[in-house]
Each structure stands twice: as C-alpha cells, then as structure tokens.
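The values are calculated or read from the model by the stated rules, or taken from the named source; none is laboratory data. In this text, all values refer to a predicted model and were calculated from it rather than measured experimentally. Cβ: placed from backbone, ideal geometry, glycine included. Neighbour counts: every protein chain shown. The protein model used for the area step is the full one, side chains on, heavy atoms only, and it has no ligands, DNA or RNA in it. Shrake-Rupley method; radii C 1.70, N 1.55, O 1.52, S 1.80 Å.
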Amino acid sequence: MPNARENPHEYPRRILIAVTGLSPQIVTETLYALAVSPTASVFIPTEIHLISTRSGAEKARLALLSEEPGWFHRLSRDYALPPIHFSVDTIHVLEDANGKPLEDIRSPEDNRRAADGITGIIREFTADPDCALHVSIAGGRKTMGFFLGYALSLYGRPQDKLSHVLVSEPFEASLSFYYPTPTSHVLEMPGGRLVDSAQAQITLAELPFVSLRHGLPEALLTGRASYNETVEAARHALAPAELQIDLAARRIRAAGKTFPLPPAELALLSVFARRALRGEAPLPAPAKESPDAEWKNRYLVELRSIAGPLGDLDGTERALRKGMDGAYFSAHLSKLRKILGRELGPAARPYLISDGGRRPRRYSLGLRPSAIRYDILETAVRG
C-alpha cells in the first residue's frame, strides 16, 4: 500500500502551478480536470500559482480574477469548490537582468532569466515537506513549459505531479472557452458556428518524470543556484565518477566540482587513490589501540608530498612516532567523509573510502584506475 504521504490530495498544502502566456484558459481547464472531472483523481488545490511575462500576467488577472468575466471565480461558484488562494499575489512575473518585468522571451538572456526564475520558484515550493505540487506545462511559450517540467524533474518529490491538459474539439480552438459549464453556455466559434460549452470534454494527461532531486548536493536544494548550475550538478551526479588530485594545491576535483581538502584528509584519500591506481587489494585499518608502523609510513609519504620540502610536519610525526592507531585513522576518515558529503551531497558516494560492508573490515576506494588522475588543477575552487 502506498505511503499516505505520497498521496498528493492528503497534503495540507496543495499547489497548482502553471506557466501561462496569452491563453489563461489553461488554469481553469486544469483546475476543472483536477477538482471536478469524474475521470480524474481528485486534487483540489489550496493555492494556485502562475508564472508568466508581464503581458501574460495582466491577461490572466483580467480574464480569471476580475469581477467580469472572472472565469476562476465563476468556476469556483459553478462547482462549489472550497476556498482556493489565487490572487494577483500568486501571479509571478519573470524579470529581466535589471529586475524589470519581462515582456516576452525572445533572446538567450531572456531564456536564462526565465529558466532561473522558474527553477527558483519550484525549488522554494519543493522545500516545504507539507506541500504537494501539481505542475501544468500546457500554457506559455514552449521554452517556459520545458523549463517548468525540467525544474520539477530536478527538484520534484514523490507527491509532485506533472501534466498537460487536453481539450476536445472544437473547444480547443476557442478563445472564449474556459471550462465545461454545468449548464448550457453557448459560444460562437470562428466562422459563426455555435457550440455548447457544457458538451466539452477535458482530459488530464499525467506526464511521468524522473526525479533527480536525490542526486543534488544539499546546497543546491536550499540555496539560490541558477538553472545551469543545478543542471550541471545533476549531470555530474549521473556521469561516471572521475577523481583528480592536486597534492601541491591541496585540492581535488570530484563530480565536476573542485574544492580544497585539509592536508591530513587529502593524504588519507591519496593513500587509497594510489592503491586503486595500482589495482592493489583493500587494506585493513590500523588496530584500535595498537600503533601500526606500516600505516604510519604510507600515510607520511603522502603527507610529505602535500607539505613540500619546507612543510612543518613535526607535530604529526610526534603524534605518529610509534605508528598510526585505529583512533587516528577513524577520526580522519570520518572527517574526510563529512567534507565529501558536504561538498558533493549524494554524488559523493563513489569517492568515499568503503570498508567493504562485511567483516573483517578492509578499506578501499572503489574507483577504476582510469578514473583517477594526479594533476595540477587549474579550475577555480568553488566553496
């Protein structure tokens, strides 16, 4: 039986979100399909949010929220829907680089701004665990629908759904049609043909999507990353793992991101990276309370390469004068894992030193030799 928290209609905050251009009808059509149509699973939104350009937002306000014609209010009255928060405050107007409302999406810069704006809105909503989203890509420019669907793929959770609304002929071509009315309502079609909106049929086509959310670092789930940054992180999370190590600069590149490591943790990682390069067997950790001279020697070789000829390792050498024990090994292994997890999120998994999952514990870095390189990294370090 599915987890109740994965049933969208059971969430206290239920949001219908759509992109609209100059056809605000998709809002009432989708709302009808979700809340009224007998063929759909009932999902009555508690809020409706639109994303549009300046002209699209103005048309949505006049067509849907005015006193006359006020098609959203009409639909709510006709079918006695419960209160739904939908107002000018929930119509989000995309902005250009100067913070002014976008009139249209025509240039590469307009596309970038639209992508960032849409991604930011979806990221914000999906950060609320008590919220379920129903996202419609039926309206607006095709690029807006694409960005909205892709943003849901990046951030969506099991309770979030994606759809496209389908309207029967000839109503699909009518600018006067907003939803199937409960009683007869005659519309004049282009060419003078008369049709009754009560005879219209609306179908909601749910679109399955692959959620990439759990491959994203936590910083991208909670921060203000751009669309391009988020896509790049998802791409690297799905790509084959590659590790580059720059001992002199004390940094690594993993999952497409370059970042520093403290010398002690970098030395430990390098011990296992070199063994993986040479195809050597996993290593047991030093015994808990028994200093291991062999472990000390292999570790100090890496640490001296990092510190260089003028590096001061007196403190470390004193601490390890009898050898490395299990406590020293575990402390630095734990810190290395935390840093990798913080920097890479779920994408850190291939770069973690594993104990093999069974006894006796033997540790290794599970990367193939061709995935490991010792290089001078020229890419800028990113926090």
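Quick notes on this one:
- Pairs where the first residue, in segment 138-151, is touching a residue at least 12 places away in the same chain (Cβ under 8 Å) and the second is open to solvent by 50 Å² or more (accessible area, probe 1.4 Å), C-beta under 6 Å, 6+ apart: ALA138/HIS164; GLY139/SER23
- Looking across segment 78-106, just one residue is over 26 Å from PRO45 (Cα atoms) and among the β-branched types (Val, Ile, Thr), and that is ILE105.
- Residue, surrounded by the fewest Cβ atoms within 10 Å (Cβ to Cβ), within segment 292-314, restricted to residues that are of a type outside the set (Ser, Thr, Tyr) and closer than 18 Å to ARG361 by Cβ: GLU294
- Close Cβ contacts (under 8 Å, 6 or more residues apart or on different chains) running from residues in segment 258-271 that are over 18 Å from LYS296 (Cα atoms) and of a type in the set (Val, Ile, Thr) to residues that are open to solvent by less than 10 Å² (accessible area, probe 1.4 Å) and outside any loop (DSSP other than H, G, I, E, B) comprise THR258/ILE252.
- Candidates GLY323, GLY356, filtered to the one that is on the phi > 0 side of the Ramachandran plot and without any contact (Cβ under 8 Å) to a residue 60 or more places away in the chain: GLY323
- Filtered residues of segment 65-90 (kept if touching a residue at least 24 places away in the same chain (Cβ under 8 Å), part of a helix (DSSP H, G or I) and out of contact with any His (no Cβ under 8 Å at 6 or more places or on another chain)): TRP71, PHE72, ARG74, LEU75, ASP78, VAL88
- Selection of segment 47-69 for residues being surrounded by fewer than 17 Cβ atoms within 10 Å (Cβ to Cβ) and aliphatic (A, V, I, L, M) yields only LEU62.
- Total residues in segment 236-257, condition surrounded by 17 or more Cβ atoms within 10 Å (Cβ to Cβ) and at pLDDT below 85: 2
- Test: residue in segment 13-20 that is at pLDDT below 95, open to solvent by less than 40 Å² (accessible area, probe 1.4 Å) and part of a helix (DSSP H, G or I): no
- Residue match in segment 305-319 (condition: at pLDDT 95 or above, among the hydroxyl-bearing types (Ser, Thr, Tyr) and under 26 Å from THR258 (Cβ atoms)): no
- Residue pairs whose Cβ atoms lie under 8 Å apart, sitting 6 or more positions apart in sequence or on different chains, and linking a residue in segment 308-319 that is without any contact (Cβ under 8 Å) to a residue 40 or more places away in the chain to a partner that is surrounded by 13 or more Cβ atoms within 10 Å (Cβ to Cβ) and among the hydroxyl-bearing types (Ser, Thr, Tyr), are ALA319/TYR328.
- Top-ranked residue of segment 196-235 - restricted to ones that are within 24 Å of ALA97 (Cβ to Cβ) and surrounded by 17 or more Cβ atoms within 10 Å (Cβ to Cβ), ranked as modelled with the lowest pLDDT: LEU220
- Residues of segment 133-165 that turn out to be open to solvent by less than 10 Å² (accessible area, probe 1.4 Å), among the small types (Gly, Ala, Ser) and under 15 Å from the mean Cα position of the chain (by Cα), as a count: 2
- Residue within segment 319-334 that is of a type in the set (D, E, K, R) and assigned to a helix (DSSP H, G or I) present: no
- The set of residues in segment 243-256 that are within 26 Å of THR119 (Cβ to Cβ), in contact with a helix residue (DSSP H, G or I) (Cβ under 6 Å, 6 or more places away or on another chain) and touching a residue at least 40 places away in the same chain (Cβ under 8 Å) comprises ALA254, ALA255.
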